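Can you read through this structure? Questions will come right after.
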Amino acid sequence: SAPDVFNIIGDPSTPNDITGGTSYGLSINGQYGFTINNCIIQNVTSTSGTGSATGIIVAGSYGNNEIYNNTIRNIRRAANSASSSYYAAGMTFTYSNQVMTFNIFNNSISGLTSGYTGAASANRILKGIYFADVGAGTVTAQIWGNSISIDGSSCPNVSSTCIDLADGDDKTFVF
């Protein structure tokens with residue numbers, strides 16, 4: 001009810017507080033017309049070579065949705081591998097046959113890191129906002145007023161992107 005009162009997910013004083021093979025701070029699956037706002041999501045770590053770490057993951061949902069005024073920080077994929085199938089991301093959206101509309105605004109994403117130290121790779125391992133189209137659904141996203149900071153020095157041997165589109169089909173973006 002107050003713009004300065006936040007839900008806190010992940011202990012701010014405990015690095016890697018939320019850990020596992022695939023880890024996330026907040027997961028929304030199969031929901032219609034939801035809102036995620038005023039959350040601080042932090043200290044999420046994937047410890048598996050075949051897992052990802054994500055602040056907010058939205059899967060199989062539909063309708064008109066809003067994600068705003070969230071702070072996502074210290075998201076880490078600890079594994080020393082560079083497969084583009086596994087990553088550290090602030091937000092991930094996966095969908096197959098749903099029709100979804102998103103207003104994504106006034107969010108802050110920072111502190112995405114990877115444990116990869118191998119040879120240079122073009123694979124995108126650090127992703128601010130990731131749209132992973134896995135089917136024939138459609139997404140319309142209005143994205144504005146967000147702050148995505150990816151410090152390439154934390155893992156200089158992999159690529160990174162502020163907004164990653166796995167498949168360019170069936171998407172409309174307004175920036």
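The values are calculated or read from the model by the stated rules, or taken from the named source; none is laboratory data. Quick caveat, the model's predicted, so the values are computed rather than measured. Quick reminder, even Gly has a Cβ in these numbers, built from the backbone with ideal geometry, and neighbours come from all protein chains shown. Heads up: the accessible areas ignore ligands, DNA and RNA and are worked out on the full protein's heavy atoms, side chains in. Shrake-Rupley method; radii C 1.70, N 1.55, O 1.52, S 1.80 Å.
Counting only heavy atoms of the protein chains, get the accessible area per residue of the chain (1.4 Å probe) and round it to a whole Å² value. Spell out each step's value before the answer.
Values: 7700 Å² over 175 residues.
Solvent-accessible surface per residue comes out at 44 Å².
Springs between alpha-carbon atoms under 10 Å, Gaussian network over the chain: tell me which of I75, I36, I67 tops the mean-square fluctuations.
I36
Using a 1.4 Å probe over the heavy atoms of the protein chains, calculate the carbon and sulfur portion of the accessible area of the chain as a whole percent. The partial results should precede the final answer.
Working: 3570 of 7700 Å².
Accessible surface attributable to carbon and sulfur in the chain totals 46 percent.
Now, a different point. Suppose R0 equals 25 Å; then what is the FRET efficiency for T138 and T117 from their Cβ-Cβ distance, rounded to the nearest 0.05? Please report the intermediate quantities before stating the final value.
Working: r = 39 Å, r/R0 = 1.57.
With R0 = 25 Å, the Cβ-Cβ based efficiency is 0.05.
Let me ask you something else. Taking the Cα atoms of the range 78-175 alone, what are Rg (to one decimal) and Dmax (as a whole number) in Å?
Values for the range 78-175 (Cα only, Rg and Dmax): 14.0, 39 Å.
Once you treat every alpha carbon in the range 35-126 as an equal point and sum by Debye, what is log10 I(q)/I(0) at q = 0.12 Å⁻¹?
One equal scatterer on each Cα of the range 35-126 leads to -0.41.
Just to be sure I understand: with springs between alpha-carbon atoms less than 10 Å apart, which residue in A78, A120, A59 has the highest mean-square fluctuation in the Gaussian network model of the chain?
A120
Follow-up. Only Cα pairs within less than 10 Å get springs; with that Gaussian network setup on the chain, which residue of Y24, Y32, Y130 has the largest fluctuation?
Checking each option, the largest mean-square fluctuation is seen for Y32.
Write down the Å³ per residue value for the convex hull defined by the alpha carbon atoms of the chain.
Numbers: hull volume 18.3 nm³, N = 175.
Value for the chain: 105 Å³ per residue.
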